[in-house]
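Quick note: the coordinates plus some simple rules give every number you see, no bench work behind them. Just so you know, these numbers come straight off a predicted model, no measurement behind them.
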């Protein structure tokens, strides 16, 4: 039986948004594309994290071959930011359970 995945919306963000997230206690965990992006977001939420996903920005001076090649075929990469939910706030419920 095939697993149905939902696609995580990716927000475009400026450098100031990334700095704002970091000041608010968010940590950039990883950069990844679909379908693994949605799977990781669901997993982190199930583990009790707040999750924010923004579009990965290609920065000058870094090796970006993989991201540029993916962009050529329509893959969009997202940066996953995490922070722990406040104590006492339950994790989001999984629709399957």
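When the Cα atoms of segment 15-84 are aligned to their principal axes, the ranges along those axes come out at 35, 27, 14 Å in descending order. How much length, in nm to one decimal, is gained on full extension between residue 30 and residue 15, taken as 0.36 nm per residue of separation minus their Cα-Cα distance? Gain on extension, residue 30 to residue 15, equals 3.7 nm.
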